[in-house]
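> I have a structure here, written as structure tokens, and I will follow up with some questions on it.
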Amino acid sequence: MANNVIAFKDYNVVQGIWGSPWAGLSHFERFFANPVAWDLIRNTLMLSLYGFLAGFPVPILLALALNEVRARFFKRTVQMVTYAPYFLSTVVVVSMLILIFTPRIGFMADVMGFFGVNANLLSDPNAFRSVYVWSDVWQTAGYSAIIYMAALAGIDPSLYEAARLDGASRLRKIWHVDLPGIAPTVVVVMVLSVGNIMAVGFEKAFLLQNPLNLSTSEIIATYTYKIGLLSADFSLATAVGLFNSVINLILLLAVNAVSKRITGNGLW
């Protein structure tokens, strides 16, 4: 936390944090005066919202579907196949995307080119967000479903028995037993997800980034890396990072308060 003081100083490596002169809010003003600032905020928000809307329901649906499977071998197989991608490093996933979509070497590029579709998705700024988000959904959906599977396992079996005696179909059981049973877990995960809405993963965005897709792939995290480590403007980088963290904190508190008021469930 003490390192955040750098955002309010003209930091000099030789003088150190406490020896560097105070700069007030000048570095925040520099950031917002830069025309690129609003592009960074927009790109970060759009990528985060796309990822949330696409990725949040998938683990829930996967957990509900697996909970209905009675064939143990098939269920274990599906779990293994969906959990495994989570343990691949981001570098490996990006390498796979490059091998799949890069023209001349990617097999999907040949298929898409055959149908007249732009095959060079990694260089298309309009396709960057979809490639980023859906590859992330593929990588994390199975592992993220574990928490919902655990919540489903904790539901009282007598509720299912009562629903069966009432003649409820599987869909009715899911609607009236499963979803209410996992609702507190869903709310907590949603609050945490919204609280990290500005914290887009740096690694994948940076590795997928190239000059052709920079208009959509340049986000706050990659910008902070470039000005902080590559340009050695530590004060500006810290100011941008602190702004990002404050926005996340405000969103977390706001969504938690709304959730508590509407559903009675929250983080605290």
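The values are calculated or read from the model by the stated rules, or taken from the named source; none is laboratory data. These numbers come from a predicted model, not from an experiment. When we count neighbours, we look across all protein chains shown, and the Cβ atoms used for this are built from the backbone with ideal geometry, even at glycine.
> Go through the residues of region 45-54 one by one and say whether even a single one is over 23 Å from K204 (Cα atoms), among the small types (G, A, S) and either crowded, with 16+ Cβ neighbours inside 10 Å or modelled with pLDDT of 95 or more (or both).
For region 45-54, residues over 23 Å from K204 (Cα atoms), among the small types (G, A, S) and either crowded, with 16+ Cβ neighbours inside 10 Å or modelled with pLDDT of 95 or more (or both): absent.
> Would a scan of region 58-74 turn up a residue that is more than 20 Å from L242 (Cβ to Cβ), assigned to a helix (DSSP H, G or I), at pLDDT 95 or above and not hydrophobic (A, V, I, L, M, F, W, C)?
Looking through region 58-74, at least one residue is more than 20 Å from L242 (Cβ to Cβ), assigned to a helix (DSSP H, G or I), at pLDDT 95 or above and not hydrophobic (A, V, I, L, M, F, W, C).
> Further, regarding this structure: Cβ-Cβ distance below 7 Å, separation of 6 or more or different chains: which pairs start in region 188-202 with a residue that is of a type outside the set (A, V, I, L, M, F, W, C) and end on one that is modelled with pLDDT of 85 or more and surrounded by 19 or more Cβ atoms within 10 Å (Cβ to Cβ)?
G195/V255
> What number of residues within region 114-170 are at pLDDT 90 or above and either touching a strand residue (DSSP E or B) at 6+ places or on another chain (Cβ under 6 Å) or in a loop (DSSP other than H, G, I, E, B) (or both)?
Looking only at that region, the number is 3.
> Which pairs do you get when a residue that is of a type in the set (A, V, I, L, M), found in region 26-38, comes within reach of a residue that is surrounded by 14 or more Cβ atoms within 10 Å (Cβ to Cβ), reach meaning Cβ atoms under 8 angstrom, with the pair 6+ apart or on two chains?
V36/E218; V36/Y223; A37/F31
> Follow-up. Here's a check for you: in region 91-113, which residue that is at pLDDT below 70 and of a type in the set (A, V, I, L, M, F, W, C) is surrounded by the most Cβ atoms within 10 Å (Cβ to Cβ)?
Result: A109.
> Taking region 207-261, which residues are hydroxyl-bearing (S, T, Y) and farther than 20 Å from P35 by Cα?
S245, S259 - these are the residues of region 207-261 that are hydroxyl-bearing (S, T, Y) and farther than 20 Å from P35 by Cα.
> Report, by residue number, each residue of region 10-23 that is surrounded by 12 or more Cβ atoms within 10 Å (Cβ to Cβ), farther than 15 Å from V240 by Cβ and of a type outside the set (V, I, T).
Within region 10-23, D10, N12, Q15, S20 meet the criteria.
> Which of the residues that make up region 211-252 are farther than 27 Å from W18 by Cβ, without any contact (Cβ under 8 Å) to a residue 40 or more places away in the chain and in contact with a helix residue (DSSP H, G or I) (Cβ under 8 Å, 6 or more places away or on another chain)?
Within region 211-252, just T222 meets the criteria.
> If you don't mind, another one. Name every residue in region 9-28 that is at pLDDT 85 or above, under 18 Å from S231 (Cα atoms) and either in contact with a Leu (Cβ under 8 Å, 6 or more places away or on another chain) or part of a loop (DSSP other than H, G, I, E, B) (or both), in order of residue number.
Selection gives D10, Y11, H27.
> Something else about it: Could you check region 242-257 and list, in sequence order, the residues that are of a type in the set (V, I, T) and surrounded by 16 or more Cβ atoms within 10 Å (Cβ to Cβ)?
I247, V255
> Same structure, new question: Find all pairs meeting these conditions: Cβ atoms under 7 angstrom apart; at least six residues apart or on different chains; first residue within region 66-77 and under 16 Å from A150 (Cα atoms); second residue part of a helix (DSSP H, G or I) and of a type in the set (S, T, N, Q).
From region 66-77, the pairs are L66/Q79.
> Kindly establish whether S235 is over 16 Å from N4 (Cα atoms) and outside any loop (DSSP other than H, G, I, E, B).
When the stated conditions are applied, S235 does not pass them.
> Next question, about the same structure. Please enumerate the residues belonging to region 164-196 that are within 29 Å of the chain's Cα centre (by Cα) and of a type outside the set (V, I, T).
Correct list: W175, D178, L179, P180, G181, A183, P184, M190, L192, S193, G195, N196.
> So if I check each of K226, K204, which one is touching a Ser or Thr at 6+ places or on another chain (Cβ under 8 Å) and either more than 30 Å from M46 (Cα to Cα) or surrounded by 13 or more Cβ atoms within 10 Å (Cβ to Cβ) (or both)?
Of K226, K204, the one residue that is touching a Ser or Thr at 6+ places or on another chain (Cβ under 8 Å) and either more than 30 Å from M46 (Cα to Cα) or surrounded by 13 or more Cβ atoms within 10 Å (Cβ to Cβ) (or both) is K204.
Let's see how each residue does on (1) surrounded by fewer than 15 Cβ atoms within 10 Å (Cβ to Cβ); (2) within 17 Å of L45 (Cβ to Cβ):
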residue	(1), (2)
D156	yes, no
K173	no, no
P180	yes, no
T185	no, no
I220	no, yes
V240	no, yes
S259	no, no
